[in-house]
Amino acid sequence: MASDRIEKLIEKYFEAETSIAEEKELKEYFASSDVAQHLEQYKPIFGYAVQAKQEQFNATIPLNTKKRSSVVWLSVAASVVVLLGVSLFTYNHYNQPKSNDLGTINDPEVAFRETQKALAMISEHVNKGIGSMSYLNEYEQSKNRIFKK
């Protein structure tokens, strides 16, 4: 009679329909020594909680204080290196001679030729981009033939 009830509780347990009291009853049944032979396969499932409560952590954790001091010295050295780098950068940046030569050209003829060179280069790159746009036009025409609007 008791094994019939336990079997029904196991079915409810695997369908996630048991209450806490029913699960406690299953754990107590499987913790006892008079478990039915055909229910022995479920014993590890419900006996795990009892076994896990009895386990204790007994290992000792060694504390190494020497590594901590080396980390402190390493962080101090890193901060000194960063401070020196920032100070050298600012010193070199502010002590460079200021030049007012911004690429200005005094001769109008030379300035005109340089401007023409720059505009020709820009025009060349724009024309290259426009040339690649012709592929998009071919794609659009093919798409319109296939998917008639």
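The values are calculated or read from the model by the stated rules, or taken from the named source; none is laboratory data. All figures in this text were calculated on a predicted structure; none of them were measured in a lab. So basically every Cβ, Gly included, is an ideal-geometry build from the backbone, and we count neighbours across all protein chains shown.
Please find, within the range 14-37, the residue that is farthest from residue 48 (Cα to Cα) out of those that are in contact with a helix residue (DSSP H, G or I) (Cβ under 7 Å, 6 or more places away or on another chain) and hydrophobic (A, V, I, L, M, F, W, C).
36
Would you call residue 129 modelled with pLDDT of 80 or more and exposed (fewer than 10 other Cβ atoms within 10 Å of the Cβ)?
yes
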